[in-house]
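Presented below is the structure to which this report refers.
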Amino acid sequence: MVSSDREAGDVTVDLLTETYRDHYGSLLKLAALLLDDLASCEDVVQEAFIRVHSARSRVRDADKVLAYLRQTVVNLSRSALRRRLVGMRLAPKPMPDMPSAEEGAYELLEKDALIQALRGIQRRQREVLVLRYFSDLTEAQVADLLGISIGSVKAYGSRGIEALRVRMEAFR
C-alpha cells in the first residue's frame, strides 16, 4: 500500500502502479455496481487510472490517490450511463412490421410480373379480375358495372384466374 514516508504531492508512477495492483479489483466492483456490463466497467476503471495519471501533478496529497480514483470511476460511470440514455433517446425507432429491402424488391418484381400477366389475358377477364379482386367489388357490382350477368362474371373470373396462373408460372 502507500507508504507514509512519501511527501505530500509526491504522486509518482510507481505509486499509481502500486495503487493499480492493490485496488483495481475493488474499483472494478465499484464500477460494476454502477454499470451493467463488464466491458464498460473495465473501460471506466482503465480510463480513471489514465486520467489520474495525467493529472498526478495536481493531486496534492499522495494518500488521496485512491479517493481521486474512486471519484473518477463514479464520474465516468455516470457519464457512460448518460451517453447511453441520450443514444437510446436519439436512436431511430424501428418501423413496425416493415418489410426488408429484399422483400420490398421481391414484391416489386412480383407486382411487375402480375401486371405483365394481366396484360396478357383477355380484356373482359382482366376487367372482371381487376374489379373483383383489386377493387373489392361484389360479383353483382361487377356485373352491373360491366353490363353482364353474374354468371358471366363468374365464368370470366374463373377463366381469368386460370389464364393468370398459367402466365405467372411462365414468369418464374
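Annotations for the structure displayed:
- Just so you know, in region 85-103 the residues that are in a helix (DSSP H, G or I) and modelled with pLDDT under 80 include one that is most open to solvent (accessible area, probe 1.4 Å), and it is GLU102.
- Summed over region 50-84, the residues that are within 26 Å of the chain's Cα centre (by Cα) and open to solvent by 90 Å² or more (accessible area, probe 1.4 Å) give a count of 3.
- Set ASP37, ASP22, ASP61: member being among the charged types (D, E, K, R) and farther than 26 Å from ASP10 by Cα: ASP37
- Taken over region 55-81, residues that are farther than 12 Å from ALA31 by Cβ, of a type in the set (Ser, Thr, Tyr) and touching a helix residue (DSSP H, G or I) at 6+ places or on another chain (Cβ under 6 Å) amount to 1.
- Criterion violated by LEU114 - all others in (1) assigned to a helix (DSSP H, G or I); (2) within 30 Å of GLU42 (Cα to Cα); (3) within 37 Å of the chain's Cα centre (by Cα) satisfied: (2)
- The residue pairs whose first member lies in region 113-137 and is modelled with pLDDT of 90 or more and open to solvent by less than 50 Å² (accessible area, probe 1.4 Å), whose second member is in a helix (DSSP H, G or I) and aromatic (Phe, Trp, Tyr), and whose beta carbons are closer than 6 Å, counting only pairs six or more residues apart or on different chains, are GLN125/TYR156; VAL128/TYR156.
- In region 71-99, the residues that are under 20 Å from ASP36 (Cβ atoms) form Cβ pairs under 7 Å with partners that are modelled with pLDDT of 90 or more and of a type in the set (Val, Ile, Thr), at six or more places apart or across chains, as follows: THR72/VAL52; VAL73/VAL44; VAL73/VAL45; LEU76/VAL44; SER77/VAL44; ALA80/VAL44.
- Within region 133-172, tally of residues that are within 17 Å of ARG123 (Cβ to Cβ), in a helix (DSSP H, G or I) and among the small types (Gly, Ala, Ser): 7
- Some residue of region 57-64 being under 28 Å from ASP37 (Cβ atoms) and either outside any helix (DSSP H, G or I) or in contact with a strand residue (DSSP E or B) (Cβ under 6 Å, 6 or more places away or on another chain) (or both): no
The values are calculated or read from the model by the stated rules, or taken from the named source; none is laboratory data. Source: prediction; values computed, not measured. Positions of Cβ are generated from backbone atoms using ideal geometry, with glycine treated the same way; all protein chains shown enter the neighbour counts. With ligands, DNA and RNA removed, areas are computed over all heavy atoms of the protein, side chains included. Shrake-Rupley method; radii C 1.70, N 1.55, O 1.52, S 1.80 Å.
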